[in-house]
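Below is one structure, written out as structure tokens, with a few remarks after it.
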Amino acid sequence: MDTVTSLLDSIADVGRDPGRGGYTRPVYSAAERDLRAWFTEQAGRRGLAVETDRNGILWAWWGEPQRGALVTGSHLDSVPGGGAFDGPLGVASALVAVDLLKARGVQPNRSLAVTVFPEEEGSRFGVACLGSRLLTGAIDADRARNLKDDDGNSLADVARINGLDPQHLGRDEDALGRIGDFVELHVEQGRGLGEDGPAVAVGSSILGHGRWKLSICGQGNHAGTTLMEDRRDPMVAAAQVVLAVKQVAAQTKDARATVGRLQPVPGGTNVIASRVDLWLDVRHPQDEVTAQLVEAIHGKAQKIAAFEGCQATLAEESFSGTVHFDAALQRQVQNALPGAPVLPTGAGHDAGVLAGFVPSAMVFVKNPTGISHSPEEHVEDADADAGAGALADVLEALL
Ligand code: HGY
Ligand code: MN
Ligand code: MN
Ligand code: MN
């Protein structure tokens with residue numbers, strides 16, 4: 001029988017990113033397509049019938065596709081230079097959990113589906129959990145169709161190339177009706193379990209979080225012929241804005257604000273940028289505080305930009321309010337995992353989007369480094385297998 005580690009080892013070379021370290025597996029890239037093929041093959045080996053729905057979500061069925069099924073899964077796409085576990089651990093653990101349930105002779109009372117959601121990281125089209133947002137209608141389908149990647153390819157075009165009908169992207173009542181309960185296993189992103197804690201924890205809530213694009217426009221010019229006093233350099237404004245983001249968040253307990261991506265345009269070494277785009281990721285347990293943080297950052301950015309002779313404009317790209325998982329389902333998960341701690345998470349997940357529509361729950365597996373969205377993300381083999389065993393216990397209790 002496969003172990004979680006042996007399954008992850010079998011995709012260890014897919015999407016490696018020597019330049020950044022770790023893995024870069026954007027949705028609908030060759031690497032992610034290879035991972036989808038791997039999943040389909042692994043599911044087939046387990047006698048699971050695989051289908052792709054109108055939003056590109058993969059469903060591997062044990063039993064007939066039916067309303068109210070038990071569904072578990074995660075994602076295979078990654079952030080740039082991501083770790084090996086964020087997403088694939090949940091998918092591999094679900095496959096091993098099916099093996100364990102079959103080995104136990106479990107006869108499900110309802111169908112079970114293992115799912116893979118596309119674009120959970122939002123690394124290509126900018127909106128996280130795009131697959132589950134489309135499935136539930138949490139994003140407007142027209143807006144989604146027109147989302148662009150850095151090369152200007154629209155989701156509609158990329159979806160079409162990948163065999164989907166872009167006009168069919170959007171809320172899918174049939175598929176959504178098939179989810180009676182959803183459970184996502186995920187590597188812990190943070191140190192709630194720490195190094196000495198148990199192997200698994202039960203998720204309780206997901207911090208509200210959003211993404212905003214800040215564009216700072218100035219005057220592009222020549223780096224050699226423009227005197228310092230004659231410049232309206234948006235890069236100089238952007239540098240001050242990044243500092244201001246840290247200062248605003250540092251003054252608010254539990255706030256997290258990050259500028260992880262900053263793009264000067266046109267981006268030449270000998271060119272004073274005409275514009276700088278930077279993306280804010282702001283999170284806080286209280287949604288109204290998140291809004292206040294963004295407003296404070298926006299105000300500071302406008303003042304800084306004006307001082308540098310530039311203009312700053314802010315556009316919201318996505319927002320998900322703080323989510324508390326379904327209490328009844330969480331109790332069932334806790335009963336199946338006696339003694340497992342109950343932990344909140346600051347990371348977004350498809351389970352968080354689905355929680356607004358169907359009973360959803362999460363199981364976290366210990367990551368001794370606590371680090372994620374980095375090659376240093378880690379799960380010990382024994383904990384990975386304990387996680388799959390725990391997921392099997394949860395699924396058996398729910399089947
Ligand atoms: O950004 C997040 O929290 C998640 O990893 N997509
Ligand atoms: Mn993830
Ligand atoms: Mn992630
Ligand atoms: Mn997720």
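The values are calculated or read from the model by the stated rules, or taken from the named source; none is laboratory data. The model shown is predicted, which means the values in this text are computed figures rather than measured ones. Backbone-built Cβ (ideal geometry, glycine too); neighbour counts: all protein chains shown. Side chains are part of the model used for accessible areas, which takes the heavy atoms of the whole protein and leaves out ligands, DNA and RNA. Shrake-Rupley method; radii C 1.70, N 1.55, O 1.52, S 1.80 Å.
Within the listed set Ala347, Ala382, Ala305, the Gaussian network model of the chain (springs between alpha-carbon atoms below 10 Å) gives the highest mean-square fluctuation for Ala382.
Under the definition of Cα pairs under 8 Å and six or more residues apart, what whole-number percent is the relative contact order of the chain? Here the relative contact order equals 23 percent.
Taking Arg133, Arg67, Arg261 in turn, the Gaussian network model of the chain (Cα-Cα springs below 10 Å) assigns the largest fluctuation to Arg261.
Amide H contacts under 5 Å for Arg275: Gly218, Val265, restricted to partners 5 or more places along the chain or on a different chain, H placed in the peptide plane at 1.01 Å from N. Of the residues Gly90, Gly346, Gly177, the one that moves most in a GNM of the chain with alpha-carbon contacts below 10 Å is Gly177.
The solvent-accessible area of Lys303, taken with every protein chain present and a 1.4 Å probe, is close to 150 Å².
Please go through segment 158-266 and write out the GluC sites (Glu not before Pro) that DSSP classes as loop and that have at most 16 other C-beta atoms within 10 Å.
Numbers: sites: Glu173, Glu184, Glu188, Glu195, Glu229; in loops: Glu188, Glu195.
Listed in order of number, the matching sites are Glu195.
How far, in degrees from 0 to 90, does helix 88-103 lean away from the longest principal axis of the Cα atoms of the chain, to the nearest 10? That works out to roughly 0 degrees. Per residue, the accessible area of the chain comes to 41 Å² when a 1.4 Å probe rolls over the protein heavy atoms. In this rough spin-label picture, where each label sits 7 Å from Cα along the Cβ direction, the Arg16-Arg160 distance is 3.7 nm. Summary of the geometry: segment 164-192 and segment 234-261, compared by the centres of their Cα atoms, lie 32 Å apart. Would you work out what percent of the accessible area of segment 32-85, with all protein chains in place, is carbon or sulfur (probe 1.4 Å)? Carbon-and-sulfur percentage of accessible area, whole number: 49. Phi-derived couplings, Karplus 6.51 cos²θ - 1.76 cosθ + 1.60 at θ = phi - 60°, listed residue by residue for segment 388-399: 5, x, 5, 4, 4, 4, 5, 5, 4, 5, 9, 6 Hz, with x used for Gly and Pro.
Could you please put Glu396, Glu295 in sequence from largest to smallest accessible area, using a 1.4 Å probe?
Glu295, Glu396
Given a Förster distance of 41 angstrom, what is the FRET efficiency for Leu314 paired with Leu227, based on the Cβ-Cβ distance and rounded to 0.05? Efficiency for this residue pair is about 0.85. I'd like the distance separating the alpha-carbon centroids of segment 96-161 and segment 1-79, in whole Å. Centre-to-centre distance over Cα atoms comes out at 10 Å. Within segment 327-369, what residues put their amide N at less than 16 Å from the label point 7 Å along the Cα-to-Cβ vector of Glu380? Backbone N within reach: 365-369.
Extension gain, Thr3 to Arg261: 0.36 nm times the residue separation minus the Cα-Cα distance gives 89.3 nm.
The phi torsions of segment 277-293, fed into the Karplus equation with coefficients 6.51, -1.76 and 1.60 and a -60° offset, translate into couplings of 9, 9, 10, 9, 10, 10, 9, 6, x, 9, 4, 5, 5, 4, 4, 5, 4 Hz, rounded to whole numbers, with Gly and Pro shown as x.
Tell me the carbon and sulfur percent of the accessible area for segment 209-320, rounded to whole percent, probe radius 1.4 Å.
On the way: 3190 of 6020 Å².
Looking at segment 209-320 in its full context, I get 53 percent from C and S.
In the chain, the calculated helix contribution to ellipticity at 222 nm averages -10000 deg cm²/dmol per residue, counting -39,500 (n - 2.57) for every DSSP H run with n ≥ 4. The string of couplings for segment 247-252 from the Karplus curve (6.51, -1.76, 1.60, θ = phi - 60°) is 4, 5, 5, 5, 7, 10 Hz, one whole number per residue in order, with x for Gly and Pro.
For segment 149-250, what's the relative contact order in percent, using C-alpha pairs closer than 8 Å and at least 6 residues apart?
Values: 24 pairs, mean separation 12.0, N = 102.
12 percent.
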